[in-house]
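These notes concern the structure reproduced below.
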Amino acid sequence: MPEYAAQTFGLTKVFTDFLLRPRVVAVEDLSLQVESGEVFGLLGPNGSGKTTTIKMLLGFLRPTRGRAELLGRPAGDVHARRSLGFMPEESSFYPFLTAREILHFYGRLFGMPRRERRKKVEGLLEMTGLKDAADRRISEYSKGMQRRVGLAQALINDPKFIIMDEPTSGLDPMGRVDVKNLILDLKDRGVSVMLCSHLLGEVESVCTRVAILHRGRLVREGTVRELLERRDMIQVLVAESGETDRSRIAEALADIPVRVASLEFVSDSLEEVFMRIVEKEEQEEE
Ligand SMILES: Nc1ncnc2c1ncn2[C@@H]1O[C@H](COP(=O)(O)OP(=O)(O)OP(=O)(O)O)[C@@H](O)[C@H]1O
Ligand SMILES: [Mg+2]
C-alpha cells in the first residue's frame with residue numbers, strides 16, 4: 001500500500017473559452033496529500049474547485065499545470081483505477097436498467113466472475129437498502145435512491161480508495177446516517193476515503209483531516225481537531241450535582257470546591273470555522 005492514497009503537486013486548472021482565452025481559474029496551485037487509511041474532507045463553497053480537483057485526480061480532466069497521483073500512480077493510470085471507487089456528484093445510469101442489472105454491469109466491467117459478482121451485488125443491494133426496489137427501473141427511482149445506486153456502484157470492486165463527491169446530497173436523514181456509518185466502516189477496514197461535502201456536521205464527525213478550498217486555492221488544511229481548537233478560551237465542564245447554577249459555580253470556582261470534570265480548549269463547530277475562513281478570504285479579495 002503506498003503511503004498516500006492521493007497527492008497533488010501544484011495542480012492547476014484554467015478553463016478557457018473557445019478562443020483559448022483563460023476564463024476561469026478553477027483550481028490554482030493545489031498541493032495536498034490524502035494519507036492511506038484516512039478519511040479526508042475537501043470542503044469549500046460552491047464553485048471553489050472541488051469537483052474539478054476530483055476530476056483531475058481521476059484523470060477525467062487534464063491539468064493546465066501540475067500533476068496528481070493516485071495510489072502511487074499518475075492520475076488516470078489503469079492499474080490504479082482498478083482499486084478505486086468513485087461516487088460522482090450526479091450519477092447517470094441507463095434509465096431502463098434496474099439497480100441489480102446496473103450493479104452486475106459494473107461487476108462485469110471489472111471482470112468479476114459470476115458467482116462472486118452475484119454475492120457482491122446482493123450484499124451491496126442489502127447494504128444500501130435497495131433490496132426491495134432492486135428490480136425496478138432506475139428511471140422510477142427517487143433522487144435519494146439513485147444516490148444509493150451510485151454508492152453501491154462505487155463499491156462494487158472493493159476499492160482501496162474511494163472518492164465521494166457530495167455523498168449525502170439528496171439523502172434523507174436516515175440515509176445520511178447510513179452513509180456516515182458506511183464511511184466509518186470503510187475506514188475500519190483500512191479503505192482510504194476522500195469526500196467533498198457541504199454538510200460540515202457530517203464531515204466533522206467522520207473526517208480525520210480536512211482541506212478548505214476557496215476560489216480554487218487551498219486556504220486551510222489540518223486535522224479536524226486542529227481546525228476547531230481555539231487557543232483563546234478555556235471551557236470548564238462541571239459534573240452535574242443537582243443544584244449547580246452558574247453564579248454559584250463562578251463563586252465556587254474561586255476556591256475550587258467543585259469537582260472539575262474537564263478543563264479544555266473550547267471547540268468551535270466546523271461550520272463556524274468554515275464561515276470564518278470563507279468570510280476572511282472574501283474580505284481580503286475586496
Ligand atoms: N467544464 C467547465 N468549463 C468552464 N468552467 C468550468 C467547468 N467546470 C467547472 N468550471 C468552473 O470552475 C469553477 C469550479 O467548479 P467546480 O465544479 O470544481 O466547483 P465545486 O467546488 O465542485 O462546486 P459545487 O460545490 O457547486 O459542486 C467554477 O467557477 C465553475 O464554473
Ligand atoms: Mg462540485
Looking at the stretch 77-180, what helices (runs of 4 or more DSSP H) fall wholly within it and have at least 1 residues that are within 16 Å of ligand 2 (Cβ to nearest atom) and under 29 Å from residue 52 (Cα atoms)?
-> 143-155
Got at least one residue in the stretch 36-51 being within 15 Å of ligand 2 (Cβ to nearest atom), closer than 22 Å to residue 166 by Cβ and in a helix (DSSP H, G or I)?
-> yes
Examine the stretch 8-22 for a residue that is in a strand (DSSP E or B) and near ligand 1 (Cβ under 7 Å from one of its atoms), and state whether such a residue exists.
-> yes
Determine whether residue 57 is over 20 Å from residue 217 (Cα atoms), crowded, with 20+ Cβ neighbours inside 10 Å and in contact with a Ser or Thr (Cβ under 8 Å, 6 or more places away or on another chain).
-> no
All positions within the stretch 43-70 that are on the phi > 0 side of the Ramachandran plot and within 7 Å of ligand 1 (Cβ to nearest atom) | 44, 47, 49
Only one of these conditions is not met by residue 91: (1) in contact (Cβ under 8 Å) with a residue 60 or more places away in the chain; (2) touching a strand residue (DSSP E or B) at 6+ places or on another chain (Cβ under 8 Å). Which number is it?
-> (2)
Counting only residues in the stretch 190-234 that are assigned to a helix (DSSP H, G or I) and under 16 Å from the mean Cα position of the chain (by Cα), the one modelled with the highest pLDDT is identified as 206
Quick one: which residue in 28, 90 is at pLDDT below 90, closer than 24 Å to residue 203 by Cβ and within 14 Å of ligand 1 (Cβ to nearest atom)?
-> 90
What tally of residues in the stretch 102-147 results from selecting those that are under 27 Å from residue 188 (Cα atoms), touching a residue at least 40 places away in the same chain (Cβ under 8 Å) and charged (D, E, K, R)?
-> 1
Looking at (1) away from ligand 2 (no atom under 16 Å from the Cβ); (2) farther than 30 Å from residue 275 by Cα, can you tell me which one residue 60 breaks?
-> (1)
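For (1) over 19 Å from residue 160 (Cβ atoms); (2) touching a His at 6+ places or on another chain (Cβ under 6 Å); (3) surrounded by 17 or more Cβ atoms within 10 Å (Cβ to Cβ); (4) polar (S, T, N, Q), each residue gets a yes or a no:
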| position | (1), (2), (3), (4) |
| --- | --- |
| 26 | yes, no, yes, no |
| 32 | no, no, yes, no |
| 77 | no, no, no, no |
| 80 | no, no, yes, no |
| 95 | yes, no, no, no |
| 102 | yes, no, yes, no |
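The values are calculated or read from the model by the stated rules, or taken from the named source; none is laboratory data. Quick caveat: nothing in here was measured; it's all calculated off a predicted structure. With ideal geometry, Cβ positions are generated from the backbone for all residues, glycine too; neighbour counts draw on all protein chains shown.
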